[in-house]
1. Would you work out the relative contact order for segment 921-1034, in percent, from Cα pairs under 8 angstrom that are 6 or more residues apart?
2. With the crude spin-label approximation of a point 7 Å out along Cα→Cβ, what separation in nm comes out for Ser874 versus Gln672?
3. Taking 0.36 nm per residue of sequence separation and subtracting the Cα-Cα distance, how much length would be gained by fully extending the chain between Glu449 and Asp564, in nm to one decimal?
4. Find how many whole Å separate the alpha carbon centroid of segment 583-622 from the alpha carbon centroid of segment 410-455.
5. Describe numerically, in nm with one decimal, the distance between label points set 7 Å from Cα along Cα→Cβ at Glu356 and at Lys780.
6. Under 17 Å from a point placed 7 Å out from the Cα of Ala1031 along the Cα-to-Cβ direction: which residues of segment 930-961 have their backbone N that close?
7. Mind scanning Lys848/Lys870; Lys334/Lys1025; Lys899/Lys957; Lys352/Lys863 and naming the pairs with a C-alpha gap bigger than 28 Å?
8. Determine the shape class of segment 406-473: with a ≥ b ≥ c the square roots of the Cα gyration tensor eigenvalues, call it rounded for a/c under 1.5, and otherwise prolate if a/b is greater than b/c, oblate otherwise.
Amino acid sequence: MRPPQSGGMRPPPLPGAQVNPAMVRPLGAQFPNRPPGAPLPPGAVPPLNANRMPMGPPPAGLNGPPPPGFRPGQVPPGANIRPMGSPVMQQQFPGRPPHGHIPPGVRPMPPNAVPPPQSPVRATIEGVTNQLETTSLNAGSPYTEAGPPAAYGVDPKATPPKVGGRAKRVYNFNPDGSPTANAPAAPIPQPNPMQPQPSYNAYSQPGVPAPQQQQPDLSRPPQPLAGQSNPGFQQSPLPHPGPGYPQPGPPIQQQGANRPPVPAPGLVPQYPFVPANQGQPPQPQLQPQQQQQFQPPPMVQQQQQQQNRARIDPNQIPSPVQVQEQDQQTFEDKEFGTCSKGMVPLASTDFKAVDEGNCNPRFMRITTYNIPFNDELLDTSQLPLGLIVQPLAKLRRDEEQVHLVDFGEQGPVRCRRCKAYINSAVLFIDGGRKFMCNLCGFDSEVPPEYFCNLDMNGRRTDLHMRPELRFGTVEFTVPQEYWNREPAPVNYIFAVDVSWNAIQSGMLVQFCQALGDILYGAPGRGEQGLPPGAKIGIMTYDRTVHFYNLKSGLEQSQMMVVPDITDVFVPLSEGFLVDPIESRSVIENLLETLPRMFEDSKLTESVFSPAVQAALLALKSLGGKLLVFQTTLPTHGPNGIKNREDSRLYGTDKEKTLFTPQDGSYRSLAEQCVDDGVCVDLFLFPNAYIDVATIGVLPAITGGEMYYYPHFDRSRDGQKYAFDLKHNLAREFGYNGVMRIRCSNGLRIHDHLGNFHMKNSTDVELAGVDSEKAIGVIVKHDGKLDDKTEASFQCALLYTTATGQRRVRVHTLSVPVTKLLNNVFRYAEMDTTVNLLGKLAISHALSKPMRDVREELTEKCVKILSAYRKNCASTTSPGQLILPESFKLFPLYTLTLLKSKALRSGPDMTSDIRVVNMRLMNHIGVAESIAYLHPRMFAVHAMTDEEGLPGPTGRIKIPPLVRLSYLRLDLNGAYLLENGYILMFWLGRQVPQQFVQEVFGVDSVELVDPRQRQLPVLETTASVKIRNLIAHMQAQRSHALTLNIARHQLDVSEVEFGTMLAEDKNNDAMSYVDYLCVIHRQIQNEVNRESNYY
């Protein structure tokens, strides 16, 4: 082609050339009224190639009929034929956009026009990170105001489509993980030139170089494979998930993705760990013949599977690390007012709350802080409406503690209709003589002794003197009409198994030492763990039950044996329950002699039910707490349990039978404990199957807690056991409790989830309740709400404190009502939703196959996100994954639920381990569940001068969080990882020698003792900082964070470390990236199904 001539004139046709009439038609024929050189009239469409390509006649045969005598044949060798995607062709048409992506204002080309060149998808595009950073990811959030986000690969100057005002996260990639044609592909991680790269062959052996692969030429179009007609896209299967997980559909491979993988710096990504077999005792170190078994898989193979699809960059998908750090930074020096209009802090954020009339979020959280005004709007959102209530939650030290209000013999003021307690949301009318209930709207008379005049704003003039009218959480002392028995300080009974297993494992010795330290303080410390006025009793059992007289006047304790376990009784009228201070010498003598009394015992069997019945007889008229320490399966005596463990049932429809009790005798015993106000805590130390599903019914129904120490070894687990026992006795505790949740007109309480007992549909009976117990509540509509008012919820807990006072603790929460679906999602609380869905899944697992429960979780995730996609972002491109800002991490946390020990699949998950974690998930609060599902990980090898040390406020400054993937680790580094129950210290093989010396006091990582449970106290900067971090994390947790050292490729504990990396492929489940692609595909199917239906 010739270059265009000046003045818009075309050169005459070449002699003998065949001219296309459409190409050489004069402008005057198209626009007869337009003078030469004048602009086009308004609304006219320019000719096809105006201002974009030369208008001269094309060569013969290009766009017209072939010349006379032309016959098709083979292309002669050396002919200059250029494919449409070649760089030369792109240079000829530099302004033409890729096919299918037309800039705004440009008319599409007609079908007979020359097709534009197709630009190949590149493996690396510069500017992707900057483009993401310039996108407003927090648009419309409570803290910032910004416009709608820009889709990746779209001109930011173009006018965006009008969508809902809710901020959303937009991702341009296909459901298989490959980027769309207008989206940048993920950059390939480059190796660190300063760090040696390990190489692996097909058998995962280090040191053998990988085979060389030829670099493909991306300037050429990809050739079709055998049996394929489309050379642009090829299929590459996703990792096959386990049973019960969403099955991936037909994947797609992006063209130009066959470049050889480049290893990431230092480590193998997505280390596919085999889950730890918790039925076996952990080994401290791999033997040389075992190291080959735990070698990482081939780096080349894994990364080639990832690169074959030109997958999305993991750095571009939502990360909890960024979200949690931003929220923590927001509330670092800022107080949260409970009546503020913004969103509540995340459950993982360490914040200070100021009670302004709504209760502290630590006590009560709701799934959305804008209630839908009717059930149709709620069904459209697919969000569950519910509460997570933690009535005795622990407050931060600098927060104002709960106020105690005493109304005397009349008791607290209550609504005459719904019996709700007076609170900060009631409205006083009629000059202060009446108040309108914020729940039912009924007017109640104000008692004469409570009357006060109103000011000109309608508020009581004594408002500043009334905590119940100013705060969302208060406690009322109650008169005798609220009692079912005389309140008294709590009584503790310790029932200890003294069979052969208890002696050999060291459990009995550790119990005696730990209880002595709790009662009378450890050597050098005068602290005591029991509340004032509490009494204790000690009993032991093997095949018989033993009682001990601890009366203060005795020189030593007296042992009494009850051999008839079929009809047990308490042989002591006094001296069994004693004041530990008055009987100190007798108790200390007993704790010293107990291990020697049974050290020669050969009895391997022990009873269980008779011991509980005997303790229940002692506490029948008093109430209190029973702590049982069991080491073996109770096969002897009444209500003996059979060994029903059968690994062949794992993964089948009959597996759910292993999660329920063998018979109803233990449930009847638990209900009797609830009637008598006795809470049961269970400490288990099994070496084999112990049937947690049957004996664990006692703490599950009475509101107690279960502690599980498989293959207990005193040298390894003694400190953890002692910490848990001390914390159990020292935390805030109440017994003989009843709780009720009330809500506004138009709403109703549908169901309750947790560890408790209910005789009716409204009252939750709690034989015991402590600061860590949480209860889930499902709320339904039974009418329409007024969007001009607020919906209120009130939790009232009637209980007896550990010091013997009968009280009612009242929490009140009022939230707005909305008619807009955008607001429902805008103020939705993901942390609470995840906790509530987890409790729902646990309840369903008792009656449904585990596979169905996992599928329901994934289906619920798809429905919630597709509801937002269809109703709040329907005008966007179907290829974009659009997530609401409040739920952008929902796919990740759904995946962590599927990977949790309570729900994940795998033959290594014994029924005991699964049931322990199911009961745990059933009673933990929101903050504890978020850490349990998605642990925290810190890099401690490169901390700054301020990190790890107290700041100006006295709080330890923690280092930045690290995402949970092996891709984020460095062989030269060291990392701390904790989930509230276990603390892992991962050491890379190439960690500097100086760091090892400063932290462990040895010369190399190979010399570090993996059996140590505490770091040595060294006066070095690194040692002080890391020990400060561990102490800071322990202060935030309710269970002992026993140190577990995992050296890379040296210790078996690294297997457990790998199972906690939620973003990698492990635990018989796919990786975060793969799962996000599956969710995206199912959302597209849901949206397409809806559009096809209409």
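Each reported figure results from applying straightforward, stated rules to the coordinates on display, with no laboratory input. Predicted, not measured: the structure shown is a model, and the values here were computed from it. Here Cβ is always computed from backbone atoms with ideal geometry, including for glycine, and neighbour counts include all displayed protein chains.
1. 23
2. Here the answer is 6.1 nm between the modelled labels.
3. Net length gain for the segment: 35.5 nm.
4. Segment 410-455 and segment 583-622 have Cα centres separated by 53 Å.
5. 3.5
6. 946-959
7. The pairs that break the limit, which is 28 Å between Cα atoms, are Lys848/Lys870; Lys899/Lys957; Lys352/Lys863.
8. Rounded is the answer for segment 406-473, as its axis ratio a/c remains below 1.5.
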